[in-house]
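Here the structure is laid out as structure tokens; the discussion comes afterwards.
The values are calculated or read from the model by the stated rules, or taken from the named source; none is laboratory data. These figures come from a predicted structure and were not determined experimentally. Using ideal geometry, Cβ is built from the backbone for each residue, glycine included, and neighbour counts are taken over all protein chains shown.
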Amino acid sequence: MNSIEFRELTKTYGDHRAVDGLTFDVLPGRVTGFLGPNGAGKSTTMRLLLGLDRPTSGTALIGGRRYLDLQEPLRRVGALLDAQSAHGGRTARDHLHVLAAAGGIPVRRVDEVLEQSGLATVARKRIKSFSLGMRQRLGIAAALLGDPGVLLLDEPTNGLDPEGIIWIRELMRSLAAEGRTVLVSSHLMSETSALADHLVVLGNGRLLADTSMQEFINSRSTPRVRLRTSDPVRLRVALAREGFELQSAEDGRWTVEDVHAEQLGVLAAREGVPLLELADERASLEQAYLDLTADHARFTATH
């Protein structure tokens, strides 16, 4: 199994508890977005999973085993934690050759991932000449080198142009569709919304949410519809009888809180009120996220 399991995972540094009793699973076949304010414990959690740091207590397992106990770990787990860590004096191909040799990975995979990541034409250039986006692509190529069943990516779209962002989005979705486990940490709500099926949210080292994307948004938002009508007076009266209030919006539109479009459409049809436009308004991931984490951000700006 490629599942990731955290059980009561805790990490303290002196008096600071960076990770506080985390228990959750990251399952195959879907992209899991890993969110939280700065200092929430996301990077520490990934480091603990990869054996780069030791937990104070609890466990972080991949398929029921610690990363350090895995045979041929680069074939099981691919990770991107710091795209800037590659040696600038090496070429992209040499960098991947070293990793392949260390991980017992066939050399043919080097050219395959260079092509897959869009770096084939610059494979013989030194990494120090690479842009941030090119280094990011190289880091992703390194994570894919062992054709692993588990992918851990920290801010994978950092430095990528729009074409690269679309590429990584499609890549992660295709890997998940193949039954792999994909955990993606990001601070970009728009990209997480477009990429992830499931969300895990941390705050001050604690688990705040572990749910599907849609359930997360729905749980943090109030239903609202936006509409246009040629008879707002009659609609206002009809809504008032049912306990709803018609509120003015921009461009000649109206909104109604705590109701769904289907429900309001039935009411308007019953009253014979014409509707020229009717749609549910959905809260964004960013709105839901900020609502949940407002009390857990360590660094906030004052107005």
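Starting from region 40-56, keep only residues that are more than 15 Å from Glu5 (Cβ to Cβ), then list their pairs with residues that are in a loop (DSSP other than H, G, I, E, B) whose Cβ atoms are within a distance under 6 Å, requiring at least 6 positions of separation or different chains.
From region 40-56, the pairs are Gly41/Gly205; Lys42/Gly36; Arg47/Asp53.
Can you list residue pairs whose Cβ atoms sit under 7 Å apart, with the first residue in region 60-73 being in the same structural domain as Val150 (by TED's automatic domain parsing) and the second being surrounded by 13 or more Cβ atoms within 10 Å (Cβ to Cβ) and basic (Lys, Arg)? Count only pairs 6 or more apart in sequence or on different chains.
Ile62/Arg76; Leu70/Arg76
Give the residue that is farthest from Glu178 (Cα to Cα), with candidates limited to residues of region 1-24 that are buried (at least 20 other Cβ atoms within 10 Å of the Cβ) and touching a Pro at 6+ places or on another chain (Cβ under 9 Å).
This residue is Lys11.
Do we have Arg47 as crowded, with 16+ Cβ neighbours inside 10 Å and basic (Lys, Arg) here?
Values: crowded, with 16+ Cβ neighbours inside 10 Å: yes; basic (Lys, Arg): yes.
So Arg47 passes the test.
Kindly evaluate Glu262 against the criterion of being surrounded by fewer than 16 Cβ atoms within 10 Å (Cβ to Cβ), in contact (Cβ under 8 Å) with a residue 40 or more places away in the chain and either out of contact with any strand residue (DSSP E or B) (no Cβ under 6 Å at 6 or more places or on another chain) or not hydroxyl-bearing (Ser, Thr, Tyr) (or both). Before the answer, list the steps.
Details: surrounded by fewer than 16 Cβ atoms within 10 Å (Cβ to Cβ): yes; in contact (Cβ under 8 Å) with a residue 40 or more places away in the chain: no; either out of contact with any strand residue (DSSP E or B) (no Cβ under 6 Å at 6 or more places or on another chain) or not hydroxyl-bearing (Ser, Thr, Tyr) (or both): yes.
Against the criterion (surrounded by fewer than 16 Cβ atoms within 10 Å (Cβ to Cβ), in contact (Cβ under 8 Å) with a residue 40 or more places away in the chain and either out of contact with any strand residue (DSSP E or B) (no Cβ under 6 Å at 6 or more places or on another chain) or not hydroxyl-bearing (Ser, Thr, Tyr) (or both)), Glu262 does not qualify.
Starting from residues that are under 13 Å from Val233 (Cα atoms) and of a type in the set (A, V, I, L, M), keep the ones in region 259-280 and report whichever is farthest from the chain's Cα centre (by Cα).
Looking at residues that are under 13 Å from Val233 (Cα atoms) and of a type in the set (A, V, I, L, M), I get Val273.
If a residue must be under 30 Å from Leu264 (Cα atoms), of a type in the set (S, T, N, Q) and in contact (Cβ under 8 Å) with a residue 24 or more places away in the chain, how many such residues does region 180-217 contain?
Adding up the residues that qualify gives 2.
For region 66-90, enumerate the residues that are surrounded by 16 or more Cβ atoms within 10 Å (Cβ to Cβ) and either more than 28 Å from the chain's Cα centre (by Cα) or small (Gly, Ala, Ser) (or both).
Within region 66-90, Gly78, Ala79, Ala83, Ala86 qualify.
For region 157-182, what are the residues that are in a helix (DSSP H, G or I) and under 15 Å from Ser193 (Cα atoms)?
If the condition is that a residue be in a helix (DSSP H, G or I) and under 15 Å from Ser193 (Cα atoms), then Ile165, Ile166, Ile168, Arg169, Glu170, Met172, Arg173 are the ones that fit.
Being among the acidic types (Asp, Glu), surrounded by 18 or more Cβ atoms within 10 Å (Cβ to Cβ) and closer than 26 Å to Arg93 by Cα narrows it down to one residue among Glu191, Glu155, Glu170; which is it?
Glu155 is the lone residue from the list that is among the acidic types (Asp, Glu), surrounded by 18 or more Cβ atoms within 10 Å (Cβ to Cβ) and closer than 26 Å to Arg93 by Cα.
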